[in-house]
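Have a look at the structure below, then the notes.
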Amino acid sequence: MEEFAGVETWRVFRIMSEFVEGFESLRSIGPAVSIFGSARAKRNEWSYKTTCKVAEVLSRSGYAIISGGGPGIMEAANRGAKRGKGLSIGLNIILPEEQKVNRFQDKSLHFKHFFARKVMFVKYAAGYVIMPGGFGTLDEFFESLTLIQTEKIRRFPVVLMGTEYWGDLLKWMRTKMVEHGTISKSDLQLFHVTDDPNDAADFIIKSHRDSIRKEGERRKRSLPPPDDPPTL
């Protein structure tokens, strides 16, 4: 039992090392957007092509792009970042069946623990883009809404792309969650739905700029009044 306890204790330090490496590696990247979606998306699909475009537009506007580092939508996000001459970041995860790292990354980190990786996605993001995806994509989408709704993080723009793909989910949220009172109708305003990559980028850029301006105004109001000039 003591031997097992020791192993569990040392695991804390391995977890800590992932946080330290992530914080040190990403602290100076500037504003970034995290993009999520299916690892199974093919290069000829709408979701892949649209991800490339939105990542390129955001990159040209000065944003770093963060993906999960693997294939599919993750590859498209990093590929679009490279096209836009922006910083392309991959937060790779170590899995039993090794994730194939895409080749479009300027900065590549590797995580064993999902929760440490997820902190990096949200901590350095000025916005999220949620493309069609599976369980992992849903996890990131709903976690971002939970954190914003509960005010555990600042409110930042979350864009859901693919009206046809997400349509039934959105209908269920309106007709089940809202009607049963498990969420408020206003909670549906926590994210923006679109199919247009330019609209998605514009929404994130405007929301980010507005948040910077509001933060600047709050700081200005909180400053003490200037001292009276000395009298002669």
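The values are calculated or read from the model by the stated rules, or taken from the named source; none is laboratory data. Computed from a prediction, not measured in an experiment: that's the story for all the values here. Virtual Cβ from ideal backbone geometry, glycine too; neighbours counted across all protein chains shown.
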Notebook entry, point to check: Any idea how many residues of the stretch 186-205 are free of Cβ contacts under 8 Å to residues at least 12 places away in the same chain, part of a helix (DSSP H, G or I) and surrounded by 11 or more Cβ atoms within 10 Å (Cβ to Cβ)?
Noted result: 2
Note to self: From the list Val159, Val178, exactly one residue is β-branched (Val, Ile, Thr), within 20 Å of Ala76 (Cα to Cα) and modelled with pLDDT of 95 or more. Which is it?
What the structure shows: Val159
Next item on the list: Report, ordered by the first and then the second residue, all pairs with beta carbons closer than 8 Å, sequence separation of six or more or different chains, a first member in the stretch 128-143 that is touching a residue at least 40 places away in the same chain (Cβ under 8 Å) and surrounded by 19 or more Cβ atoms within 10 Å (Cβ to Cβ), and a second member that is of a type in the set (Asp, Glu) and in a helix (DSSP H, G or I).
Entry: Tyr128/Glu140; Ile130/Glu140
Item checked: Qualifying residues in the stretch 112-127 (those that are more than 10 Å from the chain's Cα centre (by Cα) and surrounded by fewer than 19 Cβ atoms within 10 Å (Cβ to Cβ)) - the one nearest to Lys42 (Cα to Cα) -> Phe114
Check: Restricting to the stretch 11-25, what's the tally of residues that are out of contact with any helix residue (DSSP H, G or I) (no Cβ under 6 Å at 6 or more places or on another chain) and under 30 Å from Ser207 (Cα atoms)?
Finding: 5
Next item on the list: Residue by residue through the stretch 68-83, note down the ones that are out of contact with any helix residue (DSSP H, G or I) (no Cβ under 7 Å at 6 or more places or on another chain) and closer than 11 Å to Gln105 by Cβ.
Entry: Gly69, Gly70, Met74, Glu75, Asn78, Lys82
Item checked: Residue count for the stretch 47-57, restricted to those that are in contact with a Lys or Arg (Cβ under 7 Å, 6 or more places away or on another chain) and under 20 Å from Thr137 (Cα atoms) -> 2
Notebook entry, point to check: Any residue at all in the stretch 31-48 that is touching a helix residue (DSSP H, G or I) at 6+ places or on another chain (Cβ under 8 Å), closer than 28 Å to Asp195 by Cβ, free of Cβ contacts under 8 Å to residues at least 40 places away in the same chain and not in a loop (DSSP other than H, G, I, E, B)?
Noted result: yes
Notebook entry, point to check: Does Ala55 meet the test of being among the small types (Gly, Ala, Ser), in a helix (DSSP H, G or I), in contact with a Ser or Thr (Cβ under 7 Å, 6 or more places away or on another chain) and surrounded by 24 or more Cβ atoms within 10 Å (Cβ to Cβ)?
Noted result: no
Next item on the list: Filter the stretch 58-87 for residues that are aliphatic (A, V, I, L, M) and over 25 Å from Gly134 (Cα atoms) and give the result.
Entry: Leu87
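Scanning the stretch 58-83 for residues that are surrounded by fewer than 22 Cβ atoms within 10 Å (Cβ to Cβ) and touching a Ser or Thr at 6+ places or on another chain (Cβ under 9 Å), which turns out nearest to Asp139 (Cα to Cα)? Outline the logic, then answer.
The first filter runs over the stretch 58-83 and keeps only residues surrounded by fewer than 22 Cβ atoms within 10 Å (Cβ to Cβ), leaving 60-62, 70-71, 82-83.
Now narrow it down to the ones that are touching a Ser or Thr at 6+ places or on another chain (Cβ under 9 Å): 82-83.
Working: Lys82: 27, Arg83: 28 Å.
In this case the residue turns out to be Lys82.
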